[in-house]
Each structure stands twice: as structure tokens, then as C-alpha cells.
């Protein structure tokens, strides 16, 4: 008999079953295993320690789920939802999208900083009308780039 570790996240997270019954979860971070059950959580430095504790052979089952590429980006800029009606405003250099097929509200893909009365704030996928009404910087492809610009304008 063996205990099966069914992969959920590639090389990071597994559901552990014994005879088809879930006995816990297993995760790997920073080269340490964390085994969580209803009795508590234990940490193991290697697979050998984990197997010894389980008292049975450990069988690793790969995740065979094929992920669909439902990309959450518009023209290379990230979005917070699956975009519909994506377009690019050439004049203002803004990647735009709607959140549903029939929606008329346009959102700007990417990270921005927006200057309100109280100062600059960070924003992810703001509405186009907000970007039009206030002074903005962006779009940025990463949160890191946006935070760098926010730091620069707050000096």
C-alpha cells in the first residue's frame, strides 16, 4: 500500500490521500516540506523524513490538468479580469478593455499612479474616465515600475 500525493500546483502543492481518503495537504517552499492534517502541521527537511513519518511508500502523481490560456492582459499590460472588447487608444497611448461583452465602461489595462487632491495614489486597471479627469502616469506593465514612479513623484 502507498500514500498518494496528487499534484495541484506544479512542484509546489499536493493533496495527500491514503486509500482514496484525503489525509492532508503537502506544500514545498524554500526546500522544506510542510505537511498539514486535521491534527496539525509538521515540517520536514527532505522527502526521506516525510516518508518515514507516513510509514508507507509515497507515490507522487503529476497534475494532468491542461490550463487554458485565458490571458488577462491587453496589448501586453495586465488586467484584473478577463478582458472583453480590447482596443488601443493610439492618441493617448492607452490599452483599453471592458469587463463584459455588453459593457460600455472602459478600463485602462496596467498599473497607474493618479494625482487626487490629497496626493498621488497607485491604481490597477482604473476606469478610463478617471484617467481622463485626473493627472496620471502610466500605464506600467509591472507593479514594481509603478511603485518606482510613485516614489519619484513623491520626492
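The values are calculated or read from the model by the stated rules, or taken from the named source; none is laboratory data. Predicted model, so just to flag it, every value in this text is computed and none were measured. Backbone-built Cβ (ideal geometry, glycine too); neighbour counts: all protein chains shown.
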Where residue 38 falls short, out of the listed (1) assigned by TED's automatic domain parsing to the domain that holds residue 148; (2) in contact with a strand residue (DSSP E or B) (Cβ under 9 Å, 6 or more places away or on another chain): (1)
Odd one out for residue 59 among (1) surrounded by 13 or more Cβ atoms within 10 Å (Cβ to Cβ); (2) under 30 Å from residue 19 (Cα atoms); (3) touching a residue at least 12 places away in the same chain (Cβ under 8 Å): (1)
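Check whether at least one residue in the stretch 98-106 is closer than 30 Å to residue 139 by Cβ and either modelled with pLDDT under 90 or in contact with a helix residue (DSSP H, G or I) (Cβ under 6 Å, 6 or more places away or on another chain) (or both), and report yes or no.
The answer is yes; a qualifying residue exists.
Taking the stated definitions as given, is residue 97 crowded, with 16+ Cβ neighbours inside 10 Å and not assigned by TED's automatic domain parsing to the domain that holds residue 134?
Numbers: crowded, with 16+ Cβ neighbours inside 10 Å: yes; not assigned by TED's automatic domain parsing to the domain that holds residue 134: no.
The answer is no for residue 97.
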Hits in the stretch 117-155 (condition: in contact with a strand residue (DSSP E or B) (Cβ under 7 Å, 6 or more places away or on another chain), farther than 16 Å from residue 77 by Cβ and outside any helix (DSSP H, G or I)): 120, 121, 134, 135, 154
